[in-house]
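The structure under discussion appears below in the form of structure tokens.
The values are calculated or read from the model by the stated rules, or taken from the named source; none is laboratory data. No experiment lies behind these values; they were computed from the predicted model shown. As a convention, Cβ positions derive from the backbone with ideal geometry for all residues, glycine included, and neighbour counts pool all protein chains shown. Accessible surface areas use protein heavy atoms only, side chains included; no ligands, DNA or RNA. Shrake-Rupley method; radii C 1.70, N 1.55, O 1.52, S 1.80 Å.
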Amino acid sequence: MSNVLEHYHYLHQIPELGFEEFKTSAYIADKLKAAGYKVARNINNTTGIVAEYDSGKPGPVLALRADMDALGHIIEGEHCARHTCGHDGHSSMLLTAAQELIKEGNIKKGKLKLIFQPAEELGSGALAMIEGGAIDDVDMIIGLHVRPKDECPKGCASAAMFYSASTTVEVNIHGIPAHGARPHLGVNALDAATMAIQAVNTIHLAPSLTYSVKATRCICDAGVTNAIPSEAYVCWDLRAPTNPAMDDLKAKTLKAIELSVASIGAKADIKVSKEIPAAEIDDEVTKIIAESIIDVLGKDGLKDPIFTPGGEDFFNYPRERDVKSGFWGLGVDLTPGLHHPDMTFDTSALENGVKITKTCALKVLG
């Protein structure tokens with residue numbers, strides 16, 4: 001047995017939000033340095049880590065990436081961080097695989113880079129690492145994510161995860177305050193917010209596309225019951241299966257918000273606060289992952305590609321740089337679902353993730 005559970009139990013107990021993974025980052029970086037890697041901390045002034053092992057012989061540069069951040073929840077009225085997306089498992093698997101790869105000495109060519117990324121949940125962690133030069137010399141990058149039980153059970157894995165594009169639109173709506181007895185003297189920001197929500201709900205793309213756009217937050221309060229509110233905040237979540245479809249959905253959403261709000265004399269300050277691209281997966285990398293899964297779990301362990309409306313900021317790496325990418329899903333009997341405050345999974349399945357990660361690395365660098 002590896003020491004993956006030792007790492008997991010420690011990281012699980014210290015959940016930290018995006019760009020605040022100070023204890024997590026320090027623990028991982030110290031372990032990597034002790035294992036013999038060249039470690040760069042605080043990439044681009046963040047908590048991000050890049051560790052390298054250079055074989056000294058010609059060959060490709062392979063990057064393996066794990067995310068480190070936890071999610072913010074409100075549980076029993078209190079704000080807290082909790083690992084409900086499995087990033088502690090991702091980091092534990094990659095850290096363990098990294099330790100074993102260098103200890104076993106089977107990397108014979110090229111260079112191995114380990115990217116421990118902050119702030120995946122914020123959608124900006126990968127971009128921060130890219131801007132910090134983390135993959136400037138990388139030829140191929142591989143990431144993974146644990147999967148819900150109904151999608152991929154323990155003992156199985158999918159070699160290709162096709163994530164959707166995800167966009168967050170935040171809007172501050174400005175009206176004109178007035179007394180509730182004289183509404184004609186004001187512009188009701190709540191009315192404008194309601195009109196914007198309804199306008200966005202009328203948007204349609206081709207029926208063959210699995211897309212959605214919906215309001216997820218609406219905050220508006222004049223502070224009293226007999227006054228016209230002049231300010232409102234609305235947030236929308238957009239999902240689309242391809243980047244062109246997202247471009248279309250986003251353009252229609254912004255236009256619907258602007259015109260509907262303006263129709264009653266209000267103004268909208270619109271900000272696209274988070275954009276995550278749809279999956280870009282390389283066939284060559286997917287084949288390497290599939291072969292690795294079969295080597296570890298057998299042919300029955302290899303599941304079909306998974307298509308999900310979820311977003312994953314990993315795909316900023318191939319979008320921003322000319323790098324081949326692959327992303328796979330690991331079955332861990334995860335229930336009741338990702339991002340659920342009571343999410344849990346069978347941690348013994350992390351051993352499979354360690355083995356598949358190592359096998360992928362050695363197929364490229366061994």
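Residues in the stretch 21-41 that are assigned to a loop (DSSP other than H, G, I, E, B) and either open to solvent by less than 60 Å² (accessible area, probe 1.4 Å) or in contact (Cβ under 8 Å) with a residue 40 or more places away in the chain (or both): 3 in all. Against the numbered list (1) modelled with pLDDT of 95 or more; (2) over 21 Å from M68 (Cβ atoms); (3) surrounded by 18 or more Cβ atoms within 10 Å (Cβ to Cβ), E312 comes up short only at (2). Kindly establish whether D269 is free of Cβ contacts under 8 Å to residues at least 24 places away in the same chain and not small (G, A, S). Considered against the rule, which asks whether it is free of Cβ contacts under 8 Å to residues at least 24 places away in the same chain and not small (G, A, S), D269 comes out as no. Within the stretch 186-205, the set of residues being without any contact (Cβ under 8 Å) to a residue 24 or more places away in the chain and not hydroxyl-bearing (S, T, Y) comprises N201, H204.
Just one of the listed residues (T167, T194) is of a type in the set (S, T, N, Q), open to solvent by less than 20 Å² (accessible area, probe 1.4 Å) and more than 30 Å from T357 (Cβ to Cβ), namely T167. In the stretch 170-182, the count of residues that are polar (S, T, N, Q) and within 19 Å of K255 (Cα to Cα) is one or more. When the stretch 277-292 is filtered for residues that are over 14 Å from A361 (Cβ atoms) and open to solvent by less than 10 Å² (accessible area, probe 1.4 Å), the ones remaining, listed by number, are P277, A278. The listed residues are L95, L114, L62, and the only one of them that is part of a strand (DSSP E or B), under 20 Å from the mean Cα position of the chain (by Cα) and modelled with pLDDT of 95 or more turns out to be L114. Going by the conditions given, is G105 modelled with pLDDT under 95 and surrounded by fewer than 24 Cβ atoms within 10 Å (Cβ to Cβ)? No: the conditions fail for G105.
The selection criterion, being surrounded by 16 or more Cβ atoms within 10 Å (Cβ to Cβ), hydroxyl-bearing (S, T, Y) and at pLDDT 95 or above, does not hold for T335. May I ask you to list pairs of residues, at least six apart or on different chains, whose Cβ atoms are under 7 Å apart, with the first in the stretch 345-366 being closer than 18 Å to I141 by Cβ and the second being in a helix (DSSP H, G or I) and of a type in the set (D, E, K, R)? Sorted first by the residue in the stretch 345-366, then by its partner, the pairs are K358/E100; T359/D295; K363/E291.
Criterion applied to R217, R239 was being within 22 Å of S124 (Cα to Cα), open to solvent by less than 70 Å² (accessible area, probe 1.4 Å), of a type in the set (K, R) and assigned to a strand (DSSP E or B), and the one residue passing it is R239. Taking the stretch 42-59 as the range and being at negative phi, open to solvent by 50 Å² or more (accessible area, probe 1.4 Å) and within 20 Å of the chain's Cα centre (by Cα) as the test, no residue passes. If the condition is being of a type outside the set (A, V, I, L, M, F, W, C) and either without any contact (Cβ under 8 Å) to a residue 40 or more places away in the chain or closer than 30 Å to K299 by Cα (or both), then the stretch 158-185 contributes S158, Y163, S164, R182, H184. Of the residues that make up the stretch 65-76, is at least one part of a strand (DSSP E or B), at pLDDT 95 or above and farther than 22 Å from A128 by Cα? For the stretch 65-76, residues part of a strand (DSSP E or B), at pLDDT 95 or above and farther than 22 Å from A128 by Cα: present. Take the residues of the stretch 242-253 that are open to solvent by 50 Å² or more (accessible area, probe 1.4 Å) and touching a residue at least 40 places away in the same chain (Cβ under 8 Å): which is nearest to A157 (Cα to Cα)? Looking at residues that are open to solvent by 50 Å² or more (accessible area, probe 1.4 Å) and touching a residue at least 40 places away in the same chain (Cβ under 8 Å), I get T242.
What do you reckon, is I135 part of a loop (DSSP other than H, G, I, E, B), open to solvent by less than 10 Å² (accessible area, probe 1.4 Å) and either more than 21 Å from V234 (Cβ to Cβ) or without any contact (Cβ under 8 Å) to a residue 24 or more places away in the chain (or both)? In short, yes. Please enumerate the residues belonging to the stretch 323-361 that are of a type in the set (V, I, T) and assigned to a strand (DSSP E or B). The answer is V332, T335, T344.
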